[in-house]
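Laboratory data are not the source of any read-out in this text; all were calculated from the coordinates shown. Keep in mind that what you see is a predicted model, and the values were worked out from it rather than measured. Backbone-built Cβ (ideal geometry, glycine too); neighbour counts: all protein chains shown.
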Amino acid sequence: MNKPQWAQRFTNSWASMPTPIRRVLAASVGIVTLVVGVMLLVLPGPGLLVMLLGLAILATEFAWARRSIRHVKHHGNRVARGIKRKKKPDTNPDGTTPNE
């Protein structure tokens with residue numbers, strides 16, 4: 001699958017940037033995104049998604065953020081499996097479903 005031209009240009013310019021500058025930019029944008037995500041936990045908005053986006057931005061340059069994303073994925077999958085297991089059709093006390 002080929003990347004769009006703008007994405008290829010961005011990837012090439014990002015990779016050619018000196019490492020210290022790239023790390024500072026990733027840290028700045030990632031931390032600001034994380035802070036906005038935390039603010040959106042109490043304000044209306046998708047706080048958890050924005051926090052994950054900030055973590056993903058940080059993960060482009062920092063190993064601790066990559067480990068954190070793996071941790072979040074692992075526990076998110078466990079929660080999803082638990083929800084699927086517990087989700088059963090409602091039954092009446094006599095064992096029949098409400099629509100019968």
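Out of the residues in region 31-55 meeting the condition of being of a type in the set (Gly, Ala, Ser) and assigned to a helix (DSSP H, G or I), tell me which one is surrounded by the fewest Cβ atoms within 10 Å (Cβ to Cβ). Checking each candidate, the answer is Gly47.
For region 20-61, enumerate the residues that are of a type in the set (S, T, N, Q) and touching a residue at least 24 places away in the same chain (Cβ under 8 Å). Residues satisfying the conditions are Thr33, Thr60.
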